[in-house]
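Asks: This is the structure I want to talk about, given as structure tokens.
Just so you know, all these numbers are worked out from the coordinates, no wet-lab data involved. Please read these numbers as outputs of a predicted model, since none were measured by experiment. Using ideal geometry, Cβ is built from the backbone for each residue, glycine included, and neighbour counts are taken over all protein chains shown.
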Amino acid sequence: MIAEASNHLQEEARSDTGTVDDTILVSRVQAGDMQAFGALVVRYQDRVFNLVSRMCSHRADAEELAQEAFLKALERIDQFRGDSKFYTWLFRIATNLVISHRRRGLRVKFRSFSRIDEDDEVVQNDTTTAELSQQREPGPSDAAMSAEARQVVGAALDSIEEPFRLVLVLRDMQNMDYAEISQVLEVPIGTVKSRLYRARNMLRQCLDGRLL
């Protein structure tokens with residue numbers, strides 16, 4: 001990610017800075033240590049890509065936007081004051097990039113969950129979306145049912161307005177807590193809870209009877 005030239009830095013980062021706290025790594029980056037930035041990329045590139053890929057209809061767009069998020073973070077690293085966790089700050093950059101990209105009328109849109117790649121990590125909790133997932137190894141018939149269910153859920157999610165859908169993705173797919181989502185979206189925690197409550201109700205209404 002970022003560029004081919006950064007691969008060496010990332011490999012070094014895995015062995016040299018893999019357990020260093022984000023705050024220390026950010027301070028090093030602000031002092032000009034690119035190896036420390038490589039460590040942050042290694043640490044968060046999968047999570048950022050997973051977030052963006054669930055908001056994009058094309059993998060190439062997701063890869064480009066995830067890369068741009070890290071570039072923007074590097075450009076603005078001196079503006080980071082530690083008022084929030086580094087990764088929520090990074091997620092805010094990624095989220096704003098996707099929303100802006102979509103509003104410019106390019107190819108980005110919130111993707112149907114039926115199009116998530118098999119190697120994407122999906123983190124779910126005890127919410128509406130999690131209840132739709134099987135917790136055992138599926139057989140052939142289960143796989144067909146699961147694919148159909150994902151298609152139905154994806155269509156339902158696509159019908160939910162962007163602010164509510166985004167809260168669902170951050171909470172149910174990224175497993176963020178209310179405070180973290182509040183920091184990413186720059187809205188009060190009460191607003192996060194309200195949007196999430198409404199989003200889940202919208203999803204339930206859309207799914208009513210479809211998966212029975």
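Asks: Full-extension gain between Ser100 and Glu162, please, as 0.36 nm times their residue separation minus the C-alpha to C-alpha distance.
Replies: Length difference between fully extended and current span is 21.1 nm.
Asks: At a Förster distance of 41 Å, what's the computed FRET efficiency of Thr191 paired with Met34, Cβ-Cβ distance as r, to 0.05?
Replies: Efficiency computed from Cβ-Cβ geometry: 0.65.
Asks: If R₀ is 30 angstrom, what is the calculated FRET efficiency for the pair Lys85 and Asn201, using the beta carbon separation as r and rounding to 0.05?
Replies: Once rounded, the FRET efficiency stands at 0.55.
Asks: Let me ask something else. Counting Lys and Arg as +1 and Asp and Glu as -1, what is the net charge of the other residues whose Cβ lies under 11 Å from the Cβ of Arg195?
Replies: After counting each charged neighbour, the total is +3.
Asks: Hey, rough spin-label estimate for Asp78 and Asp21, points 7 angstrom out along Cα→Cβ, what's it come to in nanometres?
Replies: Placing both labels 7 Å beyond Cα along the Cβ direction yields 2.5 nm.
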